[in-house]
Amino acid sequence: MHPFRSWKASRVLVRGAAIITALTGLALQGAESSAAAQATPVGSLKVAKDFKVELLYTVPKDQQGSWVAMCTDPKGRLIVSDQYGPLYRLTPPPLGTSDGLQVEKLEIPIGQAQGLLYAFDSLYVMVANDAFQGRGLYRVRDTNGDDRFDEVTLLRKLEGGGEHGPHAIVPSPDGKGIHLIIGNQTKLTSFGGSKVPYDWSEDQLLPRLWDGNGFMKGVLGPGGWVAKTDPEGRSWELQTVGFRNEYDAAFNRDGDLFTYDADMEWDINTPWYRPTRICFVASGADFGWRSGAGKWPPYFPDTLPPVVDVGPGSPTGVTFGYGAKFPAKYQNAFFASDWSYGKLYAVHVQPDGAGYRGTTEEFITGQPFPLTDLVVNPKDGALYVAIGGRKTQSGLYRVTYVGKESTAPASAPSGGASARKTRRALEAFHGHADPSAVKTVWPHLNDSDRYLRSAARIALEWQPVAEWQERALAETRPDATINALIALVRVSSRDPFHRKPGDPTPDPVLQGRVIASLDRLNWKSLTEAQKLGVLRAYGLAFIRLGKPDEATRQRLIAKFAPLFPSMAIALNLQLSQMLVYLEAPNAASTLVAALQRAPSQEEQMAYARDLRVLRTGWTPELRRAYFEWYLKAANFRGGASLSGFLRDMKADAVATLTDSEKQELKAVLEAKPEKKTALQNLLSGRTVVKEWTVQDLAPVVQGGLKKRNYNRGRELFGAVGCYNCHRFDTEGGAVGPDLTGVGARFSPRDLLESVVDPNKEISDQYAAIIVTKNDGDVVIGRVANLNNDDLMIATDMTDPNAFANVKRKDVTSIEPSKISPMPEGLLNTLQQDEILDLMAFLLSRGDRNHAMFR
């Protein structure tokens, strides 16, 4: 076990309605059975090969509540917390027997923890509710050595909390402190230092679109944060910001921190939706959470991407497998819990230059299986897993390996050591000025490694700007230019509260010089990532330093207008914002045309969001076409905020109309949309060509995927409804599997069979369930959420908000459905040539330069 990962902590996330994986085998025995009082049976769980799961304890809910946080003490005992009650200490039975767990209530005036850690001869407790002396970090000690805690000290009170408040406590890898994991509804505390430059802002080029339900409206960044403090909790240092609601974290053997950040499930099927994701918590970074539709895309140079996107879910406890008596693959895995989906992921993290990449494996799954926390016990090498939260039935499980592979201590994955060493040398400049910093970091502003470029830019922002401003403005290498100018704009516009001695005041001439430096770059020679970086740098120059003068505006319109549309969707979305910001004369006509031909709901919403604030270039016909789009969009499906987003977008657009325009457009503005099902909305206007079979198409698909049309394949992916349920390269729904990498997993024939005959083989991850109630009623769908003893069943995979609530005591049985939620016949409205383009698109893994398109 990693010496600094001996103890860990976590909490529970309770979230809204995101459609999740199906139950594959749980049966409840009778309406009056003990099912409501029993934790999920082990027999209903799907477990990785050669692993054994034991149910050690079903928590008596009326006496001991619902457990959400857990850690180990030096004797190998577990300490757990009820979400709304006290702490308990557990002595697990020896390996080989599941009976005899000892449970002791700790007689101390504290509990309701969402984070627990035993370190420095103390129990650290993160209270997330208004209990005891309030939300914050506490230290609990046994002062007389009688094995009973007798002293509780509040180390730091924190403002804001609950399920987006203060969470986990993690031992620092240097053995000298602890790291605190804090959600996005907790205000920043007083810091004695920071790795994050004090120059963060919202950085929105166009006016913000707040959440459609008003959630966290008006709340500004930097979102969830990570801090470090000493054992006494006296001096706090800010490490990283920009998360939504990261609940737990763990250090790897190399001393790098990882977390599992939450999505905003109400954003599903919008262009600003960010899936739950595993992130490497890099020093000084801003991961770009901003409220409402303001989230930064991961390709912005002033943020960092995830190690891996996971999908919809409710992140809770995490840990590395260090110290577990598991095969090497699983010792090195980052275990991540998903409360709502009932999934424990083993994330296999591999070095990738100075950063990391990862793949996910479903290690244990079940429904209901509301995972809250997990910990490797160094005394017996087992993984202990807790379920519970929001007063649901809680339980404690133990996971051991019973196969034949070696469980000897594993070495860390190889690779990247030199790049990580360089990154740490750059990170050493974070938080302070150093005379040698500029010379050291400058070459890495142009590094091919994104993590090194980011670390160098952050280090640069901590140095006196007079030492490097002219060098930044004279730089000509593309990546170095982008990163140096972004740093310059950020520090030059630092707000007065955070201004450091010697920092410049905003220079009205600086914007022109920054734009001139960006203008020197040859657009045609840039990579797609560099083009996105250039657009971000221009945007920050406008956001931070003010609107450009008229001559500059006209010149930039002439520069950017001909570039739209490009072949890259991300570029189109950023160019759209730029053209609207600059009030380009052709923006209305260009973007309305793009809105009408965009195949995905997300792309359409992005253009409509931008156009809502455009005041110039409109004709009556364009206005009418734009507002008619809202009649179509009324049938879009998505998260709980979707309809509110559309309502607010339309209201913003109406606010740009003159009184005469409102009168002229009155009919379309007041028109009521025709309600359609998702498939009716998507397939309207299409006629059946043929009832295609695998035998019809297999020969041509296997031999005809050459010189295909990527763009038409993407359009057809939307036209036949695929985007409604499936994600592909950052677009699409979340209720079915992400198809971006399907080309690596399926042959052309296998993929064709799964589309033509979806019932032939149904993945247990996405199958529906049949819930039979005591009164004979049947509910078909998938478990999507839990609340106390209620099951929330998603009954329409095309509508994330369609639910039936079923009380567990009313359930007679639950069994898997043999009918796939995916409808048959989706290819029947396509010509053969269209099917070939669609199949090539699916197999391309998002690579429009794939050989199939040449």
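The values are calculated or read from the model by the stated rules, or taken from the named source; none is laboratory data. Here the structure is a predicted model, which is why all the values come from computation and not from measurement. Because the Cβ atoms are built from the backbone with ideal geometry, glycine has one as well, and the counts that use them run over all protein chains shown. Areas reflect the complete protein model, heavy atoms only, side chains present, ligands, DNA and RNA absent. Shrake-Rupley method; radii C 1.70, N 1.55, O 1.52, S 1.80 Å.
Counting just the residues of the range 335-389 that are of a type in the set (Ser, Thr, Tyr) and either open to solvent by less than 10 Å² (accessible area, probe 1.4 Å) or touching a Gly at 6+ places or on another chain (Cβ under 7 Å) (or both), which one comes out nearest to residue 47 (Cα to Cα)? Walk me through how you get there before you give the answer.
As a first pass, look at the range 335-389 and keep what is of a type in the set (Ser, Thr, Tyr): 337, 340-341, 345, 356, 359-360, 365, 372, 384.
Going one step further and asking which of them are either open to solvent by less than 10 Å² (accessible area, probe 1.4 Å) or touching a Gly at 6+ places or on another chain (Cβ under 7 Å) (or both), we end up with 337, 340-341, 365, 372, 384.
On the way: 337: 14, 340: 18, 341: 15, 365: 7, 372: 17, 384: 14 Å.
Once the filter is applied, the top-ranked residue is 365.
Tell me whether the range 247-260 contains one or more residues that are in a loop (DSSP other than H, G, I, E, B) and within 10 Å of the chain's Cα centre (by Cα).
Step one: list which residues in the range 247-260 are in a loop (DSSP other than H, G, I, E, B), which gives 247-248, 252-256.
Now narrow it down to the ones that are within 10 Å of the chain's Cα centre (by Cα): none.
No, because not a single residue in the range 247-260 is in a loop (DSSP other than H, G, I, E, B) and within 10 Å of the chain's Cα centre (by Cα).
In the range 82-115, what count of residues is obtained for those that are farther than 14 Å from residue 152 by Cα, assigned to a strand (DSSP E or B) and out of contact with any Pro (no Cβ under 8 Å at 6 or more places or on another chain)?
Number of matching residues: 8.
Could you list all residues from the range 224-261 that are open to solvent by less than 10 Å² (accessible area, probe 1.4 Å), more than 14 Å from residue 169 (Cβ to Cβ) and among the small types (Gly, Ala, Ser)?
224, 242
Does any residue of the range 426-444 turn out to be of a type in the set (Gly, Ala, Ser), over 30 Å from residue 163 (Cβ atoms) and in contact with an Asp or Glu (Cβ under 7 Å, 6 or more places away or on another chain)?
No, because not a single residue in the range 426-444 is of a type in the set (Gly, Ala, Ser), over 30 Å from residue 163 (Cβ atoms) and in contact with an Asp or Glu (Cβ under 7 Å, 6 or more places away or on another chain).
Could you list, in sequence order, the residues of the range 73-119 that are polar (S, T, N, Q) and open to solvent by 10 Å² or more (accessible area, probe 1.4 Å)?
91, 97, 98, 102, 112
Given the condition assigned to a strand (DSSP E or B), crowded, with 23+ Cβ neighbours inside 10 Å and under 21 Å from the mean Cα position of the chain (by Cα), answer yes or no: does some residue in the range 156-167 qualify?
yes
Taking the condition of a type outside the set (Val, Ile, Thr) and open to solvent by less than 10 Å² (accessible area, probe 1.4 Å), does residue 587 pass?
Yes, satisfied.
Kindly check whether there is at least one residue in the range 651-659 that is over 28 Å from residue 719 (Cβ atoms), assigned to a loop (DSSP other than H, G, I, E, B), open to solvent by 40 Å² or more (accessible area, probe 1.4 Å) and not aromatic (Phe, Trp, Tyr).
yes
Taking the condition open to solvent by 30 Å² or more (accessible area, probe 1.4 Å) and within 23 Å of residue 269 (Cα to Cα), does residue 822 pass?
Against the criterion (open to solvent by 30 Å² or more (accessible area, probe 1.4 Å) and within 23 Å of residue 269 (Cα to Cα)), residue 822 qualifies.
Inspect the range 172-180 for any residue being in contact with a helix residue (DSSP H, G or I) (Cβ under 9 Å, 6 or more places away or on another chain) and part of a loop (DSSP other than H, G, I, E, B) and give the result as yes or no.
First pass over the range 172-180, keeping only residues in contact with a helix residue (DSSP H, G or I) (Cβ under 9 Å, 6 or more places away or on another chain): none.
No: the range 172-180 contains no residue that is in contact with a helix residue (DSSP H, G or I) (Cβ under 9 Å, 6 or more places away or on another chain) and part of a loop (DSSP other than H, G, I, E, B).
I need every pair where a residue in the range 189-204 that is more than 12 Å from residue 493 (Cβ to Cβ) and polar (S, T, N, Q) has its Cβ under 9 Å from the Cβ of a residue that is assigned to a loop (DSSP other than H, G, I, E, B) and open to solvent by 50 Å² or more (accessible area, probe 1.4 Å), sequence separation at least 6 or different chains.
If the second residue must be assigned to a loop (DSSP other than H, G, I, E, B) and open to solvent by 50 Å² or more (accessible area, probe 1.4 Å), the pairs left are 189/159.
For the range 270-342, which fully contained strands (runs of 3 or more DSSP E) count at least 1 residues that are over 12 Å from the mean Cα position of the chain (by Cα)?
276-280, 315-320, 334-338
Just checking, which of 779, 783 is aliphatic (A, V, I, L, M), modelled with pLDDT of 80 or more and either within 30 Å of residue 641 (Cα to Cα) or in a strand (DSSP E or B) (or both)? If you could, list the steps in order and put the result at the bottom.
Working: 783 fails: modelled with pLDDT of 80 or more.
Of 779, 783, the one residue that is aliphatic (A, V, I, L, M), modelled with pLDDT of 80 or more and either within 30 Å of residue 641 (Cα to Cα) or in a strand (DSSP E or B) (or both) is 779.
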